């Protein structure tokens, strides 16, 4: 197997995630796109860990998974609060801090 | 060797197709279910290159916990299940352009630098991971556990319904 196969798949997933973050208006869908981005990062970490025959890639991927879980928890709590206050999770309407 | 390539090709094709559906489908629940396919594909890739512990953690944490959290989030924030809410921006062109430019730059850099490097997947056992994690990386490990606790308490405080008065 080639190293680049994994890295290119990671790049494609990352760009799909970036598109999702930019094009979506629903708060939950934006969080899902962020999960895609974090998984692309994990694929790269694991690929390089296997390439160098080193478990460090796995350990960093585990840290990323942990931080992603914390991020989803906080993110969904914020979306829930947004919905409770405004009856909508359309991110275009959240412009309170717009100058 | 051939079997590895074929397995990778099938997993990668399914993952990319599902990931595209995650960011394009208009049904939020379908997006969450397509995300399950992508996450399962990532776990399969981890197992394919011999990262067994991370692969199983991926299934447990992402498919087991994060997706359930997402489904709860969808359930709690949808006022009307039949209502066809707007999920995307009207003008998608800037987002498509940004993603494609980013992809072109990344593919160029990767092909330029990492072309023709072989990836020999030796299994990395759970024992190796735990030895490294609990010796050299014990401080980050403890820090990340405190972070998780803080995030848990923070999520409860943010999402808690305010008592009247």
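No lab work stands behind these numbers, since they all come straight from the coordinates. What you are looking at is a predicted structure, and each value in this text was computed from that prediction instead of being measured. Glycine gets a Cβ as well: all are built from the backbone with ideal geometry, and neighbour counts include every protein chain shown.
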Every listed condition ((1) surrounded by 12 or more Cβ atoms within 10 Å (Cβ to Cβ); (2) in a loop (DSSP other than H, G, I, E, B)) holds for residue B:120 save (1)
Looking at B:99, B:32, B:19, B:65, which one is touching a helix residue (DSSP H, G or I) at 6+ places or on another chain (Cβ under 9 Å), surrounded by fewer than 14 Cβ atoms within 10 Å (Cβ to Cβ) and either facing another protein chain (nearest Cβ under 7 Å) or touching a residue at least 40 places away in the same chain (Cβ under 8 Å) (or both)? B:65
Can you tell me which of A:47, A:23 is closer than 22 Å to residue B:35 by Cβ and touching a strand residue (DSSP E or B) at 6+ places or on another chain (Cβ under 6 Å)? A:23
Picked from the range B:5-14 (must be touching a helix residue (DSSP H, G or I) at 6+ places or on another chain (Cβ under 7 Å) and under 20 Å from residue A:51 (Cβ atoms)), the residue surrounded by the fewest Cβ atoms within 10 Å (Cβ to Cβ) is B:7
Determine which member of the set B:141, B:134, B:93 is more than 7 Å from chain A (Cβ to nearest Cβ), touching a helix residue (DSSP H, G or I) at 6+ places or on another chain (Cβ under 8 Å) and loosely packed, with under 11 Cβ neighbours inside 10 Å. B:134
Sole exception among (1) touching a residue at least 60 places away in the same chain (Cβ under 8 Å); (2) buried (at least 17 other Cβ atoms within 10 Å of the Cβ); (3) at negative phi for residue B:41, by number: (1)
